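J.: If you scroll down you'll find the structure; I have some questions about it.
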Amino acid sequence: MRILLIEDDERIVEVVTAILTEQNYVIDVAEDGEAGWELIESFPYDLVLLDIVLPRLDGITLCRRLRSQKKQVLVMLLTARDTTTDKLLGLDAGADDYVVKPFDPRELAARIRALLRRGSMVTTSVLTCGALQLDPSSCEVTYNGQLLRFSRKEYLLLELFLRHQNRVFSRGAIVDQIWSFNEDPPNEDTVKSHIKSIRRKLDAVGAGDLIETLYGQGYRINPSHAEARSPDPATQQQTLEISVAAIWQRTRQTSLKQVQLLSQMVQALQTMTLELELQQQASRAAHKLAGSLGTFGLDEGSHLAQQIELLLPTDGILLPEMQQQLAAQVAPLVDALEQMVVAPRSLLPIPQSSPTSSPIPAQSQNTTVAALSLGSPSPFLLLLDRDRDFSRSFAAQSKDYGVRLKIASTATAARKHCHQERPDAAILDFSTLQADPNSAILLTDLQADPSVPIVFLANQAGTQDRIEAVRAGGQQFLQKPLAPVTVLQTVANLLARQKTASFQVLVVDDDPTIALILRDCLEPNGMVVTGLTQADQFWDVLNALQPDLLILDINMPKIDGLDLCQTIRHDAQWSWIPIVVLTAQTDRQTQQRAFLAGADDLMHKPIEMTEVAIRIKRRLERSRFYRQVSSHIQPKP
């Protein structure tokens, strides 16, 4: 099931995400009400977890907008406001339930499960298909009573198929359903790999035909059997507590900074110099502390922060004669809060190595033919060649490396193989293609899926032949005679490059819809898009994400995109990064300013998706190539 969390406190986001991920929910996150609304408009959710105090669009207004537009998604309010009036206001706005911060992680998980059960249209709690049973309440899957073990994504895939047993899911639809908006989206080969893994495990218990492939359409349930288990309740609770404690260790400095802000406010109150900006910042800090500390086991800290928040006026600056009076009330509360955060006596355990974790195997630094599998137990290659001697030799070599191979001597036969199963790579003899009148149809089929690399073999390597090969979508051009292992090595390199060539793109634009649009047009082309709506967080996000390319809007609140571009060009660490400026302004002066500021390219809104995808992909590929070349250039001794 898919849940949207709309919350601007990053610590609450991390805790709730950890809690719900443990429960096998798919979680999307929005940091303000408007961004949350955009996601609700774009994706189907089973539940919206909604804070009341939010930037841009508050939770109550968002909830009313949902109900006014007849959207029936379940809504649970999650807020630090614990008064009867606030609860009634939220429920009257259309909320289905109400949880007050600080919350107990176990209670939150239980309340969510109860609310989803209440709102579910499924009449039975256990999903059944023949001898296969999946129990969402325990996350257990059995076949003839035997527990089956799967990864989290595999479990979600099976649950999706079993909940919709008559529906065909394309790979794109599967990604939309079980990968959250905030996760790096996988390519289609990842989905294919998960399906293969599920089938292999089901085959071990006699249910290998559970998932049926409809070629050219996707996958569906083939009524028979299925998958996964979760830890027992004690282990699950221990894992949950360890996750929450680990988050506290990582984010404790944030709480300390918020307490320091409250201390600055006290000093200003005592000297009767408190200004409105500091007063508002302190109020927001107290609000966030009240909502987060109790979640980490610091219930008294949440209570102290809530008292401070209630004492601070919500609007207007305090008169000087009232500031000292307020200082006397607030100062002891801030002192106590500071002691608690500096030396917390939390009931949460200190995180140790997770008993369920296992080391991730290191990737080999050298690409070998054995790397053809790339997570797939037997990659599928298509060879089109009329040369029988070479085909026999290639088949024997492929078998040694566990490669599944289909050999065709005509374009029609090759197309038939492709329709039965999409190949991982195609190897095409140039002379065979030129002599076959149906070769254009085959090439059109292969070019429709850019994730399938094409390698051309030719008896001669003239310039015109190479140009034609590139036009036909070829990624490598090899001249015969050559050993089959050379071809296999070339394919391995292409597949490895394809798997590791996902480019990270950071989009900085205060309009969240721009990142959504760019994600739609860039991610199918091997790019992972991250959107940032608040430019004042830019440097932290930049250093954490380490992107390959930036897309900057010009007109943003607080920070001008061209000023930011110029600053990046003067930064020793990031001066190299390609920068594309995005703007709705089309005048020549704006274009000149952009390039003077250091932009590599300029694109206009509204976005023309095909053009953007091509221009950005080409720029990224050139940038990566030049960086790889420069890394091999060593200074002379």
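Just so it is clear, none of the values below were taken in a lab; they were calculated from the coordinates. Owing to the predicted nature of the structure, the values given are computational and were not obtained by experimental measurement. Counting neighbours? That spans all protein chains shown, and the Cβs are built from the backbone with ideal geometry, glycine included.
J.: What number, in percent, do you get for the relative contact order of region 1-59 if the mean sequence gap of Cα pairs under 8 Å and at least 6 apart is divided by its residue count?
T.: 46 percent
J.: Any idea what Rg and Dmax come out to for region 376-499 if you just take the C-alpha atoms, in Å?
T.: Looking at region 376-499, its Cα Rg and Dmax stand at 13.1, 38 Å.
J.: May I ask for the distance between the Cα centers of region 155-169 and region 386-424, given as a whole number of Å?
T.: Computed from Cα coordinates, the inter-centre distance equals 33 Å.
J.: Same structure again: So how far apart, in nm, are the two label points at Lys257 and Gln534 if each is 7 Å from Cα heading toward Cβ?
T.: Going by the 7 Å Cα→Cβ label model, 1.0 nm.
J.: Which distance in nm do the two modelled labels at Ala204 and Arg111 give, with both placed 7 Å along the Cα-to-Cβ direction?
T.: It is 4.0 nm.
J.: What is the percent of Cα-Cα separations in region 2-119 that go past 23 Å?
T.: Roughly 19 percent, once rounded to a whole number.
J.: For Leu77, list long-range residues whose amide hydrogen, built 1.01 Å from N in the peptide plane, is under 5 Å from its own amide hydrogen.
T.: Counting only residues 5 or more places away or on other chains, the set is Leu50, Asp96, Asp97, Tyr98, Val99.
J.: Here's something else I'd like to know. Work out, in µm²/s and without decimals, the Stokes-Einstein translational diffusion coefficient of region 127-221 at 10 °C, 1.306 mPa s, Rh from Kirkwood over C-alpha pairs.
T.: Result for D is 117 µm²/s.
J.: Taking the number of other C-beta atoms within 10 Å as the exposure measure, put Glu621, Glu468 in order starting with the fewest.
T.: So the ranking, lowest neighbour count to highest, is Glu621, Glu468.
J.: OK, next. When you count, for each residue, the other Cβ atoms within 10 Å and take the mean per peptide, how do 413-420, 1-8 rank with the highest first?
T.: Going by the mean number of other Cβ atoms within 10 Å, highest first, we get 1-8, 413-420.
J.: What are the principal axis extents of the Cα atoms in region 440-589, in Å, biggest first?
T.: Sorted largest first, the three principal extents are 62, 31, 27 Å.
J.: For region 560-615 and region 300-336, what is the separation of their C-alpha centers, rounded to whole Å?
T.: With region 560-615 and region 300-336 each reduced to a Cα centre, they are spaced 46 Å.
J.: Hey, with R₀ at 30 Å, roughly what FRET efficiency would Glu275 and Asp587 work out to, going by the Cβ-Cβ distance, to 0.05?
T.: The computed FRET efficiency comes out at 0.15.
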